[in-house]
Amino acid sequence: MTPGLASALMPLLRGMDAEAAHGLALRALNFGLAGRNAATDDPVLATDAFGLSFRNPIGLAAGFDKDAAAVLPLLRLGFGFVEAGTVTPLPQPGNPRPRLFRLPEDRAVINRMGFNNGGLDAFRARLAALPRPLPGIVGANIGVNKEGAVPERDYPALYAALAPLADYIVVNVSSPNTPGLRDLQGEERLGAILDAIGRARAGLERAPPLLVKLAPDLANAALEPLVETCAARGVSGLVLTNTTIGRPEGLRGRHRSEAGGLSGAPLRDRATEVLRRCFRLARGRLALIGAGGVSSGEDALAKIRAGASLVQLYTGFALSGPALVPRIKRELAAALRREGFASVAGAVGTGA
Ligand SMILES: Cc1cc2nc3c(=O)[nH]c(=O)nc-3n(C[C@H](O)[C@H](O)[C@H](O)COP(=O)(O)O)c2cc1C
């Protein structure tokens, strides 16, 4: 089935409870029902970041495939990279349902999933079972359990366990749905966690690039010390941003007052603003992945021009379906050419 045909099934999924639809979509992916976009990518989309080569800069953001259960079919849809996770050391059920809400009028979602996942051992086994070489890049996004977490112990252990299997690893300290997690974004605490990961990395045969994922709700003044903390500790990049606990004015969806992280169109401009600020602060020391409200090639190019070397999406993909992936790539390639850019890299930061 092609992504276009698969997208024709989207009205069915839209009629279902949001989390049930997500579960069904993952199963459909694994049955090969969601289609393939096997066409080779336009060469203008090929790009490098943190030492890895991407066939295109459009990735699936963390949280869609928390258990690394559908990495191969997701790459086959045409994503240049898939970030699996967030995975925690031990399995945990997450928050009570309902915990995932669509706001279709706002092209947005609110979630308070709470890191529901099957834990490190199952995640690692799935990554190990993937046929290599994969048709794209696979990242692993790591987090801590709700109960009994010791971040300076847990993040290094997760990093070390996944280092042989992931192309890059993201320290997630920005989910709003695990109490206390975002406090780890303090400069000193993050520094201590990164130092602990650094000690673990020193003993490893293979140490994939390390990234840090930040929240859009950080004060602008907090960004400079965080960028310096990361740059000083050998971090390769930042993922900007996670969901927001803010509720911008004008939301219309009936679920707009639900607790949790808001994603999609209403997050886009703040996420791009954080990206632009971090690009200026990083002065080439960190590669940036832009996420938040991307649903078109124009959105992707706006992130790239604000400083993103790569772009991720979740909500646009969840609301529109698999046909969005080839469409964004087509639109981005056309927009790059129209603006006179010969490559993605040539456009990075040109609007910062
Ligand atoms: C239902 C849902 C679950 C998510 N789970 C995670 C997660 O486990 N880890 C993480 O780092 N980000 C998670 N995110 C955040 C996304 O990776 C992304 O940063 C954010 O949604 C902004 O992109 P978007 O507007 O394209 O959705 C989740 C988002 C949604 C909507």
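The values are calculated or read from the model by the stated rules, or taken from the named source; none is laboratory data. This structure is a prediction, so every number in the text was calculated from the model and none was measured. Note that each Cβ is placed from the backbone with ideal geometry, even for glycine, and that neighbours are counted across all protein chains shown.
Some points to look at:
- Residues of region 289-301 that turn out to be in contact with a helix residue (DSSP H, G or I) (Cβ under 6 Å, 6 or more places away or on another chain) and crowded, with 22+ Cβ neighbours inside 10 Å, as a count: 6
- Whichever residue in region 134-148 is out of contact with any Phe, Trp or Tyr (no Cβ under 8 Å at 6 or more places or on another chain) and farther than 18 Å from residue 83 by Cβ and, among such residues, is nearest to the ligand (Cβ to nearest atom): 147
- Just one of the numbered conditions (1) among the small types (Gly, Ala, Ser); (2) within 18 Å of residue 62 (Cβ to Cβ); (3) touching a Leu at 6+ places or on another chain (Cβ under 7 Å) is not true of residue 253: (2).
- Subset of region 76-106 (residues that are at positive phi and either touching a Pro at 6+ places or on another chain (Cβ under 8 Å) or within 9 Å of the ligand (Cβ to nearest atom) (or both)): 78, 85
- Residue ID - surrounded by the most Cβ atoms within 10 Å (Cβ to Cβ), chosen from residues in region 308-332 that are assigned to a loop (DSSP other than H, G, I, E, B) and under 16 Å from the mean Cα position of the chain (by Cα): 308
- Tally, over region 118-148, of residues that are within 19 Å of residue 214 (Cα to Cα), of a type in the set (A, V, I, L, M) and without any contact (Cβ under 8 Å) to a residue 60 or more places away in the chain: 2
- Only one of the numbered conditions (1) within 19 Å of residue 86 (Cβ to Cβ); (2) over 17 Å from the mean Cα position of the chain (by Cα); (3) within 14 Å of the ligand (Cβ to nearest atom) is not met by residue 189, and that is (3).
- Test: residue in region 322-330 that is within 16 Å of the ligand (Cβ to nearest atom), in contact (Cβ under 8 Å) with a residue 40 or more places away in the chain and not hydrophobic (A, V, I, L, M, F, W, C): yes
- Of the residues making up region 208-255, those that are surrounded by fewer than 18 Cβ atoms within 10 Å (Cβ to Cβ), farther than 15 Å from residue 269 by Cα and touching a helix residue (DSSP H, G or I) at 6+ places or on another chain (Cβ under 9 Å) are 222, 224, 225, 228, 231, 232, 233, 234, 252, 254.
- Scanning region 149-176 for residues that are at pLDDT below 95 and farther than 15 Å from residue 87 by Cβ yields 174, 176.
- Some residue of region 74-92 being among the hydrophobic types (A, V, I, L, M, F, W, C), at pLDDT 95 or above, part of a strand (DSSP E or B) and more than 16 Å from residue 289 (Cβ to Cβ): yes
- Leading residue by the ranking (nearest to residue 318 (Cα to Cα)) among those in region 55-70 that are more than 13 Å from the ligand (Cβ to nearest atom) and surrounded by 23 or more Cβ atoms within 10 Å (Cβ to Cβ): 70
- For residue 294, the stated conditions do not hold, so it cannot be described as closer than 22 Å to residue 181 by Cα, β-branched (Val, Ile, Thr) and modelled with pLDDT of 95 or more.
- Screening 251, 262, 275 for residues that are at pLDDT 95 or above, in a helix (DSSP H, G or I) and not charged (D, E, K, R) leaves exactly one candidate, 275.
- Residue within region 218-228 that is assigned to a helix (DSSP H, G or I), among the acidic types (Asp, Glu) and either within 16 Å of the ligand (Cβ to nearest atom) or modelled with pLDDT of 95 or more (or both) present: yes
- Criterion violated by residue 289 - all others in (1) without any contact (Cβ under 8 Å) to a residue 24 or more places away in the chain; (2) within 12 Å of the ligand (Cβ to nearest atom) satisfied: (1)
- Whether a residue is among the aliphatic types (A, V, I, L, M) and either within 15 Å of the ligand (Cβ to nearest atom) or at pLDDT below 95 (or both) was assessed, and residue 44 does not pass this test.
- Lone unmet requirement of (1) within 17 Å of residue 39 (Cβ to Cβ); (2) within 15 Å of the ligand (Cβ to nearest atom) for residue 73: (2)
- Test for residue 128: is it part of a strand (DSSP E or B) and either under 16 Å from the mean Cα position of the chain (by Cα) or away from the ligand (no atom under 15 Å from the Cβ) (or both): no
- The residue that is farthest from residue 196 (Cα to Cα), counting only those in region 139-161 that are buried (at least 24 other Cβ atoms within 10 Å of the Cβ) and aliphatic (A, V, I, L, M), is 140.
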